[in-house]
Amino acid sequence: MPEIANVNGKITPVHEAMIPAEDRGFLFGDGVYEVLRSYAGRLWGFERHMKRLERSLREIEIVGLNLDDIFHQIRNTHAQSQIQDATVYIQITRGAGPRSHTWIATGLEPTFFMTVRHFQTRGSGNEKGIRAIWLRDQRWGRCDIKSINLLPNVMAKQKARSQGAYEAIFVDARNQVLEGTSSSLFSVMNNALIVPPNSPAILPSITREIISEIALELKIPLVEKDITLDEFFQVDE
């Protein structure tokens with residue numbers, strides 16, 4: 001089936017989707033996003049992703065949206081695609097208007113944009129593991145917001161690929177490991193699952209949330225604590 005896009009309710013093939021040139025997402029990165037998967041036609045973790053999307057919108061003060069309508073459009077567009085194993089990308093920006101760092105209190109209508117594309121596998125990475133490098137974290141101080149400002153992540157991921165690695169792991173000024181450019185970080189130490197504490201330095205991960213619940217069900221100890229880069233090199237997995 002063709003890959004499709006939805007811009008403010010208008011569904012088209014992806015290559016025909018149009019965004020206003022003065023959209024603040026394009027001019028300033030003034031927006032947020034979510035990415036979720038569908039398996040056999042079923043959207044995975046939909047409610048959790050939408051809850052995080054709502055939080056991101058609230059944190060950067062994007063208002064004027066009917067979220068129930070947005071959620072309906074996401075489900076409907078995905079269903080229209082008929083793509084069973086899909087990557088669904090969702091982006092909401094503050095809207096289009098004359099370029100100004102500040103936004104007016106009223107008048108801007110948020111831009112809703114989404115695509116439904118065929119999921120691209122990672123080859124044997126899930127089974128055999130991947131190579132990773134580490135880099136000093138140079139991102140902004142609110143990584144808990146799923147902002148479309150991803151230049152540091154893009155540059156770090158590109159550096160990893162240029163060195164024959166798949167992912168780059170961010171390390172803060174205290175030498176604590178945080179997360180990857182597009183992945184969460186889990187460590188196995190002494191038969192326990194170790195995760196960094198949630199904070200503005202990392203994204204509240206849906207994957208982490210569900211894995212933590214599974215670990216609890218299986219009675220696998222789960223510990224939230226910082227670990228240094230030196231300790232990270234000593235983990236079991």
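The values are calculated or read from the model by the stated rules, or taken from the named source; none is laboratory data. As the structure is a computational prediction, the values presented were derived from the model and not from experiment. All Cβ positions, glycine included, derive from the backbone under ideal geometry; neighbour counts span all protein chains shown. Note: areas computed on protein heavy atoms with side chains; ligands, DNA, RNA excluded. Shrake-Rupley method; radii C 1.70, N 1.55, O 1.52, S 1.80 Å.
Within the chain, what percent of beta bridges assigned by DSSP are antiparallel, to the nearest 5?
80
Tally Lys/Arg at +1 and Asp/Glu at -1 over every other residue whose Cβ is under 12 Å from the Cβ of G45; what's the total? Mind dumping the intermediate values first?
Numbers: positive: R37, R42, R48, K51, R52, R208; negative: E34, E47, E209, E213.
Cβ neighbours under 12 Å give a net charge of +2.
About the Cα centre, and with charges only on the beta carbon of Lys, Arg (+1) and Asp, Glu (-1), how big is the dipole of the chain? Nearest 20 debye, please. Walk me through the intermediate numbers first.
Numbers: 27 positive and 29 negative charges, 80 e Å.
Dipole magnitude for the chain comes out near 380 debye.
So how much slack lies between D69 and E224, counting 0.36 nm per residue of separation and subtracting their Cα-Cα distance, in nm?
So the extension gain works out to 52.1 nm.
Apply 1/(1 + (r/R0)^6) to the Cβ-Cβ distance of E22 and N149, taking R0 = 22 Å, and write down the FRET efficiency to the nearest 0.05.
Using R0 = 22 Å, I get an efficiency of 0.75.
Over 28 Å between C-alpha atoms is what I'm after, so list which of K157/K225; K10/K157; K157/K219; K10/K51; K146/K219 land there.
Table pairs above 28 Å Cα-Cα are K10/K157; K157/K219; K146/K219.
Ranking request for peptides 181-187, 111-117: highest mean number of other beta-carbon atoms within 10 Å first, then the rest in descending order.
Answer by packing, highest mean first, reads 111-117, 181-187.
Using a basic spin-label model with each label point 7 Å from the Cα along Cα→Cβ, how many nm lie between S199 and E47?
Label-label distance for S199 and E47, simple model: 3.1 nm.
Which net charge results for the neighbourhood of D23, defined as the other residues with beta-carbon distances under 15 angstrom from its beta-carbon, given Lys and Arg at +1 and Asp and Glu at -1?
Net charge in that neighbourhood comes out at +1.
In whole percent, what relative contact order does region 87-190 give with Cα contacts below 8 Å and a gap of six or more residues?
On the way: 111 pairs, mean separation 21.9, N = 104.
Averaging sequence separation for qualifying contacts and normalising by length gives 21 percent for region 87-190.
Go through [x] 17.4, 56; [y] 19.1, 56; [z] 25.7, 79 and flag the label whose value is the computed Rg and Dmax of the Cα atoms in Å for this structure.
Computed from the coordinates, Rg and Dmax of the Cα atoms in Å corresponds to [y].
Tell me which of T102, S147, N76 sits at the most positive position along the dipole axis of region 1-159, charges placed on C-beta atoms (Lys, Arg +1; Asp, Glu -1).
S147
Leaving out ligands, DNA and RNA, what percent of the accessible area of region 1-153 is carbon and sulfur, probe 1.4 Å?
On region 1-153, the fraction of accessible area on carbon and sulfur atoms equals 52 percent.
Just report the Cα centroid separation between region 1-22 and region 77-123, whole Å.
So the separation of the two Cα centres works out to 9 Å.
Looking at F112, A173, S124, which one has the Cα that reaches farthest to the positive end of the dipole of the chain (charges on Cβ: Lys, Arg +1; Asp, Glu -1)?
Positive-end residue among those listed: S124.
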